[in-house]
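The values are calculated or read from the model by the stated rules, or taken from the named source; none is laboratory data. Computed from a predicted structure; not experimentally measured. Glycine also receives a Cβ, built like all others from the backbone with ideal geometry; neighbour counts cover every protein chain displayed. To get the accessible areas, we keep the full protein, side chains included, count just its heavy atoms, and leave off ligands, DNA and RNA. Shrake-Rupley method; radii C 1.70, N 1.55, O 1.52, S 1.80 Å.
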Amino acid sequence: METLFQQLTHGNALFLILVLGLGGSFQVGFHITGLSSPSPYIQRFINNSWYDRYGEPPHPQTVTMIWSLIVSMFAVGGLFGAISVKFISDLLGRKKAMICNSFIAVLAAGFMLTSKNVNSFEMIIVARFLFGYSAGLGMNTHLIYLGEISPRKIRGIVTLTLATFLSLGKVSGQTFGLSEILGREDTWDILLSVAALFSFVQIVMLPFFPETPRYLLIEKGDDKACKKALQSLWGQGDYQQEMDEMLTEQAAIEAAPPVSLLQLLRDRTVRWQVITISIIYCCNQLSGISTISTFTYDIFLEAGIPKKKIRYITLGLGVAEILTSLTCGLLIDLTGRRPLLFGGYGVMSACWIFVTVTLNLKDSSYWVPYITVSLMVVFIMFFCGGPGGATPTLNSELFIQSNRMASLVLTGLQGWFMFSVMGLVFPFLIVRTTKLKISSALHYNTHRDLYVMLKS
């Protein structure tokens, strides 16, 4: 029996998976972590830009508001991108949709690179929205593309590469954010635009690959083009069985047409499935994993880690995440999803309890902040090896074919909406925490001085 690698290397499938990944989920991962390293430089740029424009420094709360908009606009754009994926992919086809999506990412990079020269933080906000739209549209089209190019027997493994490229994107964002590379004040705009280079690679390479066989057969009715695409991807063969399977799947879809999101929410027969998947996705977003990825610099600075070491520790977190995500498929096969979900949430909750303790004891000894870092590494490993790895295929397992598209829309809306709320609110929480600590310190020093004075 052929190994998976042998099947992938008979044709061009392996190269197509690589090209799709660079312009798909890789972009999401990069932009989630890429903003952490240059965050102090961008806030300084906002302050300087405001001063040059109005002749007076902005109120600190104004800077925080603009910074939170820069963070959250990525998720807002992702929300609109996720909503439009079905319309655009059906209108243009999967391949042209991915190429047009990459052009949007290149346009966003143009806004980002220009913003520094024209001294405009508004252009950063526009660029982040466009990057978000490209990420939301690209990630969902990436998933559809993978599902439609792969034979049924290896479809699950092929679609898992989406999570792998997501983790690779996060590590790349952290790597390019090192001060030795692009994590400096004079290069932060280049850092935030690097992902567009990978989009450009997709623009150049993707036209040489075929459209998805399923799209050619079902949407275009071209069985010869479908067979030619299968042979190009997976090597020479008859592929009549695969084409018959596509027609059978399409017949099943026509017998039970896809429902809309509103129809899914109104259907009482799937109410518990909707509640289950909504709770799991909400727990994943509210667990803190997105906050750690996006605000790593601020979190570790608050935890007491020296500034010069933060970016290297952040890179270590990314490596831990990608190693865990690579082994997650094996864990699912060995244990099933239920133990991974309950065990993962349990350990993650325990980690946050201990992090709360170590944050309050960070000034007691120099090694306490590193205990906080260790707890976050454990948190990330149990998230990626537990809930994070177990949830991507839940839609296909909990819902029948006619309900799956609506369930994907539901979970996509939940994820991007919560991400945008987190990006908008968390910067204010950091500022609020800092103010409370300064106030507590002043209060303590005042009482200590008063006690010393009375005693003398």
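Let me cross-check residue 368: its accessible surface, 1.4 Å probe, with only protein heavy atoms counted, in Å² to the nearest 10?
Rounded to the nearest 10, that gives 10 Å².
Relative contact order for the chain: what is it in percent, counting Cα pairs under 8 Å that are at least 6 residues apart?
Averaging sequence separation for qualifying contacts and normalising by length gives 24 percent for the chain.
Any idea how far apart residue 363 and residue 253 come out in nm if each label point goes 7 Å out from Cα toward Cβ?
Going from the residue 363 label point to the residue 253 one covers 6.1 nm.
Grab the beta carbon distance between residue 279 and residue 80, set R0 = 25 Å, and tell me the FRET efficiency rounded to 0.05.
On the way: r = 25 Å, r/R0 = 1.00.
FRET efficiency, residue 279 to residue 80: 0.50.
On each of the three principal axes of the Cα atoms of the stretch 245-289, give max minus min coordinate, whole Å, ordered largest first.
Principal-axis extents of the Cα atoms in the stretch 245-289, largest first: 43, 25, 14 Å.
Quick one: what are the phi-derived ³J(HN,Hα) couplings along the stretch 144-151, Karplus 6.51/-1.76/1.60 with θ = phi - 60°, whole Hz, x for glycine and proline?
Going residue by residue, I get 4, 4, 4, x, 8, 9, 9, x Hz, with x marking Gly and Pro.
So for each of 234-246, 201-213 I average, over its residues, the number of other beta carbons within 10 Å; can you give me the resulting order with the highest mean first?
Numbers: 234-246: 15.0, 201-213: 18.5.
So the order, starting with the most tightly packed, is 201-213, 234-246.
Using a 1.4 angstrom probe and counting only protein chains, how large is the accessible area of residue 142 in Å², to 10?
0
Determine the order of 188, 367 by accessible area, beginning with the largest, at a probe radius of 1.4 Å. Intermediate results must be reported in sequence, preceding the final value.
On the way: 188 5, 367 135 Å².
Greatest to least solvent exposure: 367, 188.
Of the listed pairs 95/220; 96/170; 170/362; 309/362, which have alpha-carbon separations greater than 22 Å here? Don't jump to the answer; show the numbers that get you there.
Details: 95/220 14 Å; 96/170 26 Å; 170/362 27 Å; 309/362 16 Å.
Listed pairs above 22 Å: 96/170; 170/362.
Send over a whole-number figure in Å² for the accessible area per residue of the stretch 1-120, probe 1.4 Å.
Values: 5140 Å² over 120 residues.
Accessible area per residue: 43 Å².
Give me the percent of the accessible area of the stretch 10-147 that comes from carbon and sulfur atoms, probe 1.4 Å, all protein chains in place.
Details: 3410 of 4970 Å².
Looking at the stretch 10-147 in its full context, I get 68 percent from C and S.
Taking amide H atoms as placed 1.01 Å from N in the peptide plane, list the residues 5 or more away in sequence, or in a different chain, whose amide H sits under 5 Å from that of residue 267.
none
If you build the Cα gyration tensor of the chain and take the root of 5 times each eigenvalue, what three semi-axes come out, in whole angstrom, biggest first?
Numbers: eigenvalues 371, 129, 81 Å².
Over the Cα atoms of the chain, the ellipsoid semi-axes are 43, 25, 20 Å.
How big is the Kirkwood radius of the stretch 57-135, worked out from every pair of different alpha carbons and given in Å to one decimal?
Averaging 1/r across every pair of different Cα atoms and inverting gives 13.4 Å.
For the stretch 187-248, what is the per residue volume of the convex hull drawn over the alpha-carbon atoms, in cubic angstrom? Working shown, then result.
Details: hull volume 6.8 nm³, N = 62.
Measuring per residue, one finds 110 Å³ for the Cα hull of the stretch 187-248.
Quickly work out the residue 100-to-residue 44 label distance, labels modelled 7 Å from Cα along the C-beta direction, and quote it in nm with one decimal.
Placing both labels 7 Å beyond Cα along the Cβ direction yields 4.2 nm.
Run the numbers for residue 262 and residue 338: contour at 0.36 nm per residue of separation, minus the present Cα-Cα distance, in nm. Can you show the working numbers first?
Numbers: separation 76, 0.36 × 76 = 27.36 nm, distance 2.85 nm.
So the chain would gain 24.5 nm between residue 262 and residue 338.
Compute the distance from the alpha-carbon center of the stretch 99-130 to that of the stretch 321-390, in whole Å.
If you average the Cα positions of each part, the centres end up 35 Å apart.
Mind checking Rg over Rh on the stretch 304-364, alpha carbons, Kirkwood formula for Rh? Could you put the intermediate results ahead of the total?
Details: Rg = 15.5 Å, Rh = 14.1 Å.
Here Rg/Rh amounts to 1.10.
For residue 307 and residue 208 in the same chain, what is the full-extension length gain: residue separation times 0.36 nm, less their Cα-Cα distance, in nm? Present the calculation step by step, with values, prior to reporting the outcome.
Details: separation 99, 0.36 × 99 = 35.64 nm, distance 4.54 nm.
That works out to 31.1 nm of additional length.
Could you tell me the distance between the Cα centroids of the stretch 399-426 and the stretch 269-317, to the nearest Å?
Taking the Cα centre of each part, the stretch 399-426 and the stretch 269-317 sit 16 Å apart.
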